Amino acid sequence: MYGLKLPTDPRWVNLAEKSLEDILTDHAYCEQKAASTGISLIQQYPDREKLVEELTPVVSEEWGHFKMVMHHLKKRGLKLGKQRKDEYVGLLIKTTKKGGSRDDQLLEQLLLAALIEARSCERFRLLAQNIADEELQEFYKMLMKSEAGHYRLFLDLAMEYLPKDKVLDRWKEFLDAEADIIKAIGLRGDRIH
């Protein structure tokens with residue numbers, strides 16, 4: 001799915017259900033970071049008109065998702081815990097190429113965002129299909145569709161501003177690196193990634 005080289009182990013959902021407060025807390029912070037990423041890209045590339053136009057509603061949508069996760073925490077009598085280091089994203093960032101042109105850096109940022117959205121979408125699909133809580137099933141089904149659109153948007157923006165072959169070659173490298181990261185991290189049920 002989404003070109004991901006290594007699917008999530010289906011047992012992840014069972015572990016996630018046992019750590020629901022941790023999963024929802026981690027998910028809330030993921031939505032905050034997604035909104036921040038959109039804002040950061042707009043700030044760094046205000047001259048890229050299509051990027052600004054396309055990402056502005058995504059920022060609002062991601063913040064709306066944060067508020068929805070907060071609602072689900074509160075409804076279940078759970079609390080937003082402390083933000084923890086996101087090992088998955090940290091390792092992905094280490095695979096990005098440093099330096100190069102402004103276009104090179106835009107490519108790295110857009111593909112990094114696309115990959116995070118793709119993995120989130122894949123995990124949300126698993127939750128939508130397998131979590132026992134029917135309300136959360138519907139919630140994650142809705143989010144899965146949204147994240148799929150975001151994943152595609154980041155890839156489309158990369159192809160808007162850079163040569164398609166360059167984007168696809170680098171995307172393949174990102175996918176290979178991400179599979180290695182997923183293997184290295186192993187099966188953890190207290191995080192979205």
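Every number in this text was worked out from the coordinates using simple rules, so none of it is lab data. Everything numeric here is computed off the predicted structure, so don't read it as measured data. Cβ placement follows ideal geometry from the backbone for every residue including glycine, while neighbour counts extend to all protein chains displayed.
Structure values in brief
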| read-out | value |
| --- | --- |
| Selection from 187, 113, 72, by position along the positive dipole direction of the chain (Cβ) | 187 |
| Distance (nanometres) between label positions extended 7 Å along Cα→Cβ at residue 84 and residue 61 | 2.9 |
| Reachable lysines from residue 79, criterion Cα separation under 24 angstrom, eight or more residues apart if same chain | 18, 33, 67, 141 |
| Global form of the range 9-69, assessed from the alpha-carbon gyration tensor, a/c cut-off 1.5 | prolate |
| Approximate spin-label separation residue 70-residue 173, in nm, with each point projected 7 Å along Cα-to-Cβ | 4.0 |
| Stretch gain in nm, segment residue 137-residue 32, where the contour uses 0.36 nm per residue and the Cα spacing is subtracted | 35.7 nm |
| Too-long pairs where the Cα-Cα distance tops 30 Å, listed order kept, from 50/166; 74/97; 85/145 | 74/97 |
| Over the chain, volume per residue of the alpha carbon convex hull, in Å³ | 107 |
| Candidate lysines for bridging to residue 5, where Cα separation is under 16 Å - those fewer than 8 sequence places away on the same chain excluded | 172, 183 |
| Centre separation in Å (Cα based) which lies between the range 19-64 and the range 120-193 | 14 |
| Helix-only [θ]222 nm of the chain, DSSP H runs n ≥ 4, -39500 (n - 2.57) each, per residue, nearest 500 | -26500 deg cm²/dmol |
| Contact order normalised by residue count of the chain, Cα under 8 Å, 6+ apart, percent | 35 |
